[in-house]
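Colleague: Here you go, one structure.
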Amino acid sequence: MENNRKVVRIALFVSLALAVYLVENAVPVPVPIPGFKWGFSNFVVLMSLTMLGTRDVLWIVIFKVLLGNFLSGKFLSPVFFISCFGNLSGVLSMIALSKTRCFGYIGISVIGAFANNLAQLAVCGVWLLRSVHIWYFFPYIALMGTVSGVLNALMAKGGEQWFRTYRKN
Amino acid sequence: MRKGDWLLIGGVLLLSVAFAYWIPHRQAASTVIVEVDGREAYRYSIREDGEYPIRGYQPAVGRSETTHILHIRNGQVYVEEARCRDKICERMGKIDNPGQLIVCVPYKVLIRLEGDRVVDTGAHPDAVTR
């Protein structure tokens, strides 16, 4: 019974993350960076970090990246690899930081966004474009990552509260 | 919000400010450099208007086909007629300052501007460093 509940939760979180992943492209981006995304779907990952176990969080991220890229037709394209490495380092850093118990939602979220962006730039600079000049984008994405990280933290907090009241009813 | 959160945000902001100093600033663009797969492939003066075909990285066809048209006009640089699907490089618009980039990931093309930094000593207004 407990296992069923877990599976349902993972499925729910994956579909929520996917919906956000696909819809967030409609939100305009204020920086001149190609392929920049807000990364709002990470608020679901953040939320699952406190509501589910570490292994479940990793599954959610893997499903989010695979299905998200399937649905947007980017599977195995350069964007897919950028997204893979970004999400992986983002979630690993968030898990590590949440284990220390020194940081709240905002710190964990900001570092997740930062690690995500850093890994994406690294994949572009070292592997895809092989140019050091791609790091010109770093200040922009560090700032935007902080903004989206804070927004994600607020959304995760709201989402968690909603889930708690929902369970009572 | 905990103390650690503030420290983290401060650290990230500090790092981005430090990085911003590394990026060329306060320069006038003089040269357009096109890198393909990490190597400098083309170099043009920004003062000469023109339209130049760019051959991006295409291992399948051995780099023989034009993948983008680079436009230089009135000191501004932009890309048109990109052959890829997403056209992100076209949507990046016009760049005119060193530190700005146009990037095409599918064809491994990176377009940047180089400038001459005028050293502001006052004594030698024409002194130029690279």
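Colleague: Of the listed peptides A:25-36, B:101-112, what is their order by residue-averaged count of other C-beta atoms within 10 Å, with the highest listed first?
Modeller: Numbers: A:25-36: 12.5, B:101-112: 24.3.
Highest to lowest by the protection proxy: B:101-112, A:25-36.
Colleague: Whole Å is fine, so just give me how far the alpha carbon centre of region A:11-37 lies from that of region A:87-164.
Modeller: Between the Cα centres of region A:11-37 and region A:87-164 lies a distance of 14 Å.
Colleague: Something else about it: If one computes the Cα centroid of region B:62-116 and of region A:55-74, what distance in Å separates the two points?
Modeller: Spelled out, the Cα-based centre of one part sits 31 Å from the other.
Colleague: Sticking with this structure for a sec: Could you check the spin-label model distance between B:Q58 and B:Y44? Points 7 Å from the Cα along Cα→Cβ, value in nm.
Modeller: Modelled inter-label distance: 1.9 nm.
Colleague: Take peptide B:14-21, look around each residue's Cβ out to 10 angstrom, count Cβ atoms belonging to other protein chains, and average those counts. Can you show the working numbers first?
Modeller: Working: counts 1, 5, 10, 3, 2, 7, 6, 1.
Mean number of neighbouring Cβ atoms from other chains: 4.
Colleague: Separate question: Taking 7 Å along the Cα-to-C-beta vector as the label spot, tell me the A:L66-B:E51 distance in nanometres, rounded to one decimal.
Modeller: Placing both labels 7 Å along Cα→Cβ, they lie 4.6 nm apart.
Colleague: Let me ask something additional. Taking a Cβ-Cβ separation under 4.7 Å as the criterion for a possible partner, which cysteines of chain B have none?
Modeller: Here B:C84 come out as lacking a disulfide-compatible partner, given the Cβ-Cβ threshold of under 4.7 Å.
Colleague: Once every DSSP H run of n ≥ 4 in chain A is given -39500 (n - 2.57) and the sum is divided by its residues, what mean residue ellipticity at 222 nm do you get, rounded to the nearest 500 deg cm²/dmol? Walk me through the numbers before you get to the answer.
Modeller: Details: 6 runs with 122 residues, N = 169.
The helix-only estimate for chain A comes to -25000 deg cm²/dmol at 222 nm.
Colleague: Turning to a different aspect of this structure: Quantify how strongly other chains surround peptide A:22-32 by giving the mean number of their Cβ atoms within 10 Å of each of its Cβ atoms. Mind dumping the intermediate values first?
Modeller: Details: counts 0, 0, 0, 0, 0, 0, 0, 0, 0, 0, 7.
Taking the mean over all residues of the peptide, I get 1.
Colleague: Given the pairs A:K64/B:K87; A:K37/A:K64; A:K6/A:K37, which are separated by over 21 angstrom at their Cα positions?
Modeller: A:K64/B:K87; A:K6/A:K37
Colleague: For chain B, set up a Gaussian network in which alpha carbons nearer than 10 Å are linked by springs, and say which option among B:V79, B:V36, B:V17 fluctuates the most.
Modeller: Highest fluctuation of the listed residues: B:V17.
Colleague: Over chain A, with the other protein chains present, what is the accessible area per residue in square angstrom, probe 1.4 angstrom?
Modeller: 50
Colleague: Same structure again: Would you tell me the mean number of C-beta atoms belonging to other protein chains that fall within 10 Å of each C-beta in B:104-114, as a whole number? Before the final figure, lay out the partial values.
Modeller: Numbers: counts 2, 12, 4, 1, 6, 2, 10, 1, 4, 0, 0.
Mean inter-chain Cβ contacts per residue within 10 Å come to 4.
Colleague: Rounded to the nearest percent, how much of the accessible area of region A:116-157 (1.4 Å probe, protein heavy atoms only) is carbon and sulfur?
Modeller: Numbers: 1190 of 1600 Å².
Carbon and sulfur: 74 percent of the exposed surface of region A:116-157.
Colleague: Can you check what the net charge comes to around A:W59, using other residues whose Cβ is under 14 Å from the Cβ of A:W59 (Lys, Arg +1; Asp, Glu -1)? Can you show the working numbers first?
Modeller: Working: positive: A:K6, A:R9, A:R55, A:K64; negative: A:D56.
Around A:W59, the charge tally is +3.
Colleague: Check the straight Cα-Cα distances from A:K74 and name the aspartates and glutamates below 17 Å, setting aside those fewer than 8 residues away within the same chain.
Modeller: A:E24, B:D86
Colleague: Over chain B, with every protein chain in place, what whole percent of the accessible area is carbon and sulfur at 1.4 Å, could you tell me?
Modeller: On the way: 3950 of 7670 Å².
About 51 percent, which is the carbon plus sulfur part of the accessible surface.
Colleague: Over region A:2-168, what is the mean sequence separation of C-alpha contacts under 8 Å (at least six apart), divided by residue count, expressed as relative contact order in percent? All intermediate terms of the calculation are to be shown ahead of the outcome.
Modeller: On the way: 169 pairs, mean separation 39.9, N = 167.
Relative contact order of region A:2-168: 24 percent.
Colleague: Next up: At 222 nm, what value in deg cm²/dmol follows for chain B if DSSP H runs of at least 4 each add -39500 (n - 2.57) and the sum is divided by all its residues, to the nearest 500?
Modeller: Values: 2 runs with 24 residues, N = 130.
Using -39500 (n - 2.57) per qualifying helix, the result is -5500 deg cm²/dmol.
Colleague: For B:Y44, B:Y21, what's the largest-to-smallest order of accessible area, 1.4 Å probe?
Modeller: Numbers: B:Y44 40, B:Y21 165 Å².
These residues rank, largest area first, as B:Y21, B:Y44.
Colleague: Ballpark to the nearest 100 Å², how much total accessible area do B and A bury together, probe 1.4 Å? Each step should come with its number before you reach the end.
Modeller: Numbers: alone 9080 and 9760 Å², together 16040 Å².
Adding both sides of the contact gives about 2800 Å².
Colleague: Which FRET efficiency, nearest 0.05, do B:T66 and B:L7 yield, Cβ-Cβ r, R0 41 Å?
Modeller: Numbers: r = 51 Å, r/R0 = 1.24.
FRET efficiency, B:T66 to B:L7: 0.20.
Colleague: If the chain between A:V23 and A:F163 were fully stretched, how many nm would it gain, using 0.36 nm times the residue separation less the Cα-Cα distance? Each step should come with its number before you reach the end.
Modeller: On the way: separation 140, 0.36 × 140 = 50.40 nm, distance 2.17 nm.
Computed gain between A:V23 and A:F163 is 48.2 nm.
The values are calculated or read from the model by the stated rules, or taken from the named source; none is laboratory data. Quantities reported herein were computed from a predicted structural model and do not represent experimental measurements. A quick note on method: Cβ atoms are made from the backbone with ideal geometry, for glycine too, and the neighbour counts reach across all protein chains shown. SASA here: full protein model, heavy atoms, side chains in, ligands and nucleic acids out. Shrake-Rupley method; radii C 1.70, N 1.55, O 1.52, S 1.80 Å.
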